[in-house]
Amino acid sequence: MTIIALANSKGGVGKSTLCLLIASELAENGASVLIVDADPQQSCRQWVDRCKRAGTLPSSLLVMLASSPHDLKVVLTTTNAAIILIDVQGSINDLLIAAIVASDITLVPAKANVMEMVETVKLFEWAQSSLKRAPLRLLLNRVEGIDTRTTAFQDAVQMIRDNKLPALPTFVRARKVYEQFSKEAGSLAQIGKDPAKTEQVTKARANIVGVITDITRIIGETE
Ligand SMILES: Nc1ncnc2c1ncn2[C@@H]1O[C@H](COP(=O)(O)OP(=O)(O)OP(=O)(O)O)[C@@H](O)[C@H]1O
Ligand SMILES: [Mg+2]
């Protein structure tokens, strides 16, 4: 059983979108995947419900809710899923702590922007000093194609180095198709059935496979 949490004390950074993208990509490949929606907003549960109504939910993907550390513990001890993804609220609370501590890896999505990353740096510092286990990895999200050549992006990279933040080598690009995915009903594979979207979807899926490959390697190294 592999447990992957998505967390950041900051809201709107892409936790739920990335949780659903990774979960659906793994499920499309036949893995049994459980999403634990531990955010009162229930964005993941709503996406799964939309997919169920549309008949587009990958068959090996399930969602369960958890509103307390106790709920989370019960879900984690009773599930048969091979891979579990936990989506938590954008604030530091008991559930976020329980999710980090239970996870093999906690992905911390953030925009590559110094102003936006100030809070993320604080989360890493707090986890390092307060938690016995803090398998946090920064995941740069919504990176525009042109960003990487800008001073703003380079400053963000410098900030990651200066603060010795462990980051995933792969970063996730800003893509219209990810936005569409989070609002509609169905996996990227489903969206890619539209011939006009096939090319975009192929690139978008390869980006997520890159993230999954990094996760697998990091978990393998820390075992
Ligand atoms: N890589 C990306 N490219 C394009 N849009 C993205 C990307 N990542 C996230 N988004 C969009 O950003 C918005 C916020 O994402 P999301 O809801 O996943 O963030 P969150 O961290 O879960 O927010 P909250 O703290 O409210 O739970 C959504 O509209 C989503 O479609
Ligand atoms: Mg969310």
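Key figures for this structure:
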| read-out | value |
| --- | --- |
| Packing-based exposure ordering (other Cβ within 10 Å, fewest first) of ASP155, ASP39 | ASP155, ASP39 |
| Region 85-162: Rg to Rh, with Rh as the Kirkwood radius over Cα pairs | 1.00 |
| Stokes-Einstein D for region 2-222, Kirkwood Rh over Cα pairs, 10 °C, 1.306 mPa s (µm²/s) | 91 |
| Efficiency of FRET between LYS183 and THR222 - r from beta-carbon atoms, R0 30 angstrom, step 0.05 | 0.30 |
| 5 angstrom amide H check on LEU138, placed H, neighbours 5+ away | VAL108, ALA167, LEU168 |
| Per residue convex hull volume, Cα atoms of region 116-202, in Å³ | 132 |
| Packing-based order for 203-210, 27-34, using average beta carbon neighbours within 10 Å, highest first | 27-34, 203-210 |
| Ranked packing of 113-126, 1-14, most packed first, by mean Cβ within 10 Å | 1-14, 113-126 |
| Listed residues ALA185, ALA196, ALA102, most fluctuating in the chain (Gaussian network, C-alpha, under 10 Å) | ALA196 |
| Residue-span extension gain [ASP194 to ASP49] - 0.36 nm each, minus C-alpha spacing | 50.0 nm |
| Top of SER60, SER129, SER182 by mean-square fluctuation, Gaussian network on the chain, Cα under 10 Å | SER129 |
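Taken together, the values in this text are just the output of simple stated rules run on the coordinates, not laboratory data. A quick note: this is a predicted structure, and the numbers were derived from the prediction, not measured. Here Cβ is always computed from backbone atoms with ideal geometry, including for glycine, and neighbour counts include all displayed protein chains.
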